[in-house]
Amino acid sequence: MSLEVRTVAESEYPNWARALETGFLRPPVVSEEVTARRLANSDPARVRGAFDDGRCVATFRSFSQELTVVGGAVLSSDAVTNVSVSPTHRRRGLLTRMMGADLADAKERGDAVATLIAAEYPIYGRYGFGPAAWTTEWSVDVARTGLDPRWSGPQDGGRVDLVDGADVREFGPALHERVRAAQPGAVGRDARWWEVHTGVVDNGNPWTEPFYAVYRSAAGEIEGLMTYSSDDHWGDAKQPLNTASVRKLIAVTPAAERALWRFVCSIDWVSTVRTGLRAPDDLLPYFLPDPRAARIVTQADFLWLRILDTVRALEARTYTATATLVLEVRDKAGLAGGRFRLDAGPSGASCAPTTESAELTLDVRELGALYLGDESALRLAALGALTEETPGAAAVAESLFRTPGRPWCPDVF
């Protein structure tokens, strides 16, 4: 029988869930309870699968998301997730068919961009996605940091307290919104996110209750939240060699970040701190007297972005310099291509289709990589990934799109 690609009926969801687990090399068994919960939190019109003689052999899902862009505006985004193809059905164009249908629907729906977290680098560029934000993880050798082991709290009048998951569900959403408003690349967290990440909702993964630490300013305002866990490892000479693993840390001020990092590095019996996935330009190493105590263990692409509406996307963000640039955007899918005049500056931009001669030609993939300010137009030009039709156009793009701080997405989705 021919392979059928379509949305998934409710009765087929267990079949779809089995294929998803298979594709991610997890045991292909999902409980009825977890299946029902996942189904209840999915839009049936956005759950797709490929079927071979009734068996689901590929999976795809998307959902509505809000993405913070440069300048603090929020764009509607088509967030792609749960992408898998069973090992028996690779290289048959199944992902291409599912992705094409989803992006066309997203364009029709009015989403300005699409986003995803790429498990593998080579896959998504061919669908117009570019790596727009990277991530870094450090391993901190606590003994080498140079921090005073007698540290007993912030010196700025603030304090660090341990709280419970119920407390986090109360104040966490508002704190995250404050953080997200100032962080290009950050995405929204709904109520279910907080329930999953405080153990209220079982999403099918084993749950171990973590510790929650908050930083309160001298005025008593919560300005930072850290979630962490610890192992229980002791050396042969009965010395503690425990590792504290930070799951999440969000903060609205550098003082809050500093206090929370110093707190976790001061916990008795902890000899190593794993930071979890952080922004590539995170301040952490420089909060330590000896920054070399923080060793990079992961540095990789993370959030990938695909422009669906070039005009809306380019008008939504602000720009570092004031300039005009005519872009020829190539998009083989026909979703966001064309020639556009961008008049941009620190207060915003106007963008419109134009018949003027192009000054810079690039694929929609490269526009996605440039969009949040992380990628360099000059580097892309050197790599041959974009073309200067007018000498100096790449330098103009560099001055417009690059940002002083790097974008970062704190969440996997």
First in segment 211-222 and more than 14 Å from Ala166 (Cβ to Cβ) and in contact (Cβ under 8 Å) with a residue 60 or more places away in the chain, second anywhere and of a type in the set (Val, Ile, Thr) and open to solvent by 20 Å² or more (accessible area, probe 1.4 Å), Cβ under 9 Å, 6 or more apart: Tyr215/Val160; Tyr215/Ile222; Tyr215/Thr253; Ser217/Thr253
Ala182 loosely packed, with under 14 Cβ neighbours inside 10 Å, within 25 Å of Leu288 (Cα to Cα) and in contact (Cβ under 8 Å) with a residue 24 or more places away in the chain: yes
Residue in segment 114-121 that is part of a loop (DSSP other than H, G, I, E, B) and more than 22 Å from Arg38 (Cα to Cα) present: yes
In segment 331-368, residue least open to solvent (accessible area, probe 1.4 Å) [restricted to those that are among the hydroxyl-bearing types (Ser, Thr, Tyr) and outside any strand (DSSP E or B)]: Thr354
Qualifying residue in segment 44-61 (condition: buried (at least 16 other Cβ atoms within 10 Å of the Cβ) and closer than 30 Å to Arg406 by Cα): yes
Residue match in segment 370-378 (condition: over 14 Å from Ile307 (Cβ atoms) and charged (D, E, K, R)): yes
Close pairs (7 angstrom Cβ cut-off, 6 or more residues apart or separate chains): among the hydroxyl-bearing types (Ser, Thr, Tyr) in segment 245-262, in a strand (DSSP E or B) and open to solvent by 10 Å² or more (accessible area, probe 1.4 Å) anywhere: Ser245/Tyr228; Ser245/Ser229; Ser245/Arg274; Thr253/Glu223
Candidate set: segment 32-83, residues that are assigned to a loop (DSSP other than H, G, I, E, B) and touching a strand residue (DSSP E or B) at 6+ places or on another chain (Cβ under 7 Å); chosen: the one modelled with the highest pLDDT: Val69
Odd one out for Ser152 among (1) out of contact with any Ser or Thr (no Cβ under 9 Å at 6 or more places or on another chain); (2) part of a loop (DSSP other than H, G, I, E, B); (3) of a type outside the set (A, V, I, L, M): (1)
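Okay, residues lined up against (1) among the charged types (D, E, K, R); (2) in contact (Cβ under 8 Å) with a residue 24 or more places away in the chain; (3) within 25 Å of Leu75 (Cβ to Cβ); (4) in contact with a helix residue (DSSP H, G or I) (Cβ under 8 Å, 6 or more places away or on another chain):
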position: Pro131; (1), (2), (3), (4): no, yes, yes, yes
position: Pro149; (1), (2), (3), (4): no, yes, no, no
position: Asp164; (1), (2), (3), (4): yes, yes, no, no
position: Glu170; (1), (2), (3), (4): yes, no, no, no
Residue pairs meeting the criteria (Cβ under 6 Å; at least 6 apart or on separate chains; first of a type in the set (Lys, Arg), in segment 360-383; second surrounded by 24 or more Cβ atoms within 10 Å (Cβ to Cβ)): Arg365/Gly128; Arg365/Gly130
Every residue from segment 264-280 that is out of contact with any Phe, Trp or Tyr (no Cβ under 8 Å at 6 or more places or on another chain) and either assigned to a loop (DSSP other than H, G, I, E, B) or closer than 19 Å to Glu221 by Cα (or both): Ile267, Asp268, Trp269, Gly276
Test: residue in segment 279-297 that is surrounded by fewer than 13 Cβ atoms within 10 Å (Cβ to Cβ), on the phi > 0 side of the Ramachandran plot and basic (Lys, Arg): no
The listed residue being closer than 30 Å to Arg262 by Cα and in a helix (DSSP H, G or I), out of Arg292, Arg312: Arg292
Residue within segment 198-207 that is open to solvent by less than 30 Å² (accessible area, probe 1.4 Å), at pLDDT 95 or above and aliphatic (A, V, I, L, M) present: no
Flag for Glu328 being under 20 Å from Gly130 (Cα atoms) and not in a strand (DSSP E or B): no
Only listed residue being open to solvent by less than 20 Å² (accessible area, probe 1.4 Å) and β-branched (Val, Ile, Thr), chosen from Val69, Val83: Val69
Considering residues of segment 369-387 that are within 19 Å of Tyr319 (Cβ to Cβ) and not in a helix (DSSP H, G or I) only, the residue farthest from the chain's Cα centre (by Cα): Leu386
Considering residues of segment 111-146 that are over 21 Å from the mean Cα position of the chain (by Cα) and not aliphatic (A, V, I, L, M) only, the residue most open to solvent (accessible area, probe 1.4 Å): Arg144
Count of residues meeting criterion [surrounded by fewer than 18 Cβ atoms within 10 Å (Cβ to Cβ), aliphatic (A, V, I, L, M) and modelled with pLDDT of 95 or more] in segment 224-248: 1
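The values are calculated or read from the model by the stated rules, or taken from the named source; none is laboratory data. As the structure is a computational prediction, the values presented were derived from the model and not from experiment. Note that each Cβ is placed from the backbone with ideal geometry, even for glycine, and that neighbours are counted across all protein chains shown. We work out accessible area using only protein heavy atoms, side chains counted, and drop any ligands, DNA or RNA first. Shrake-Rupley method; radii C 1.70, N 1.55, O 1.52, S 1.80 Å.
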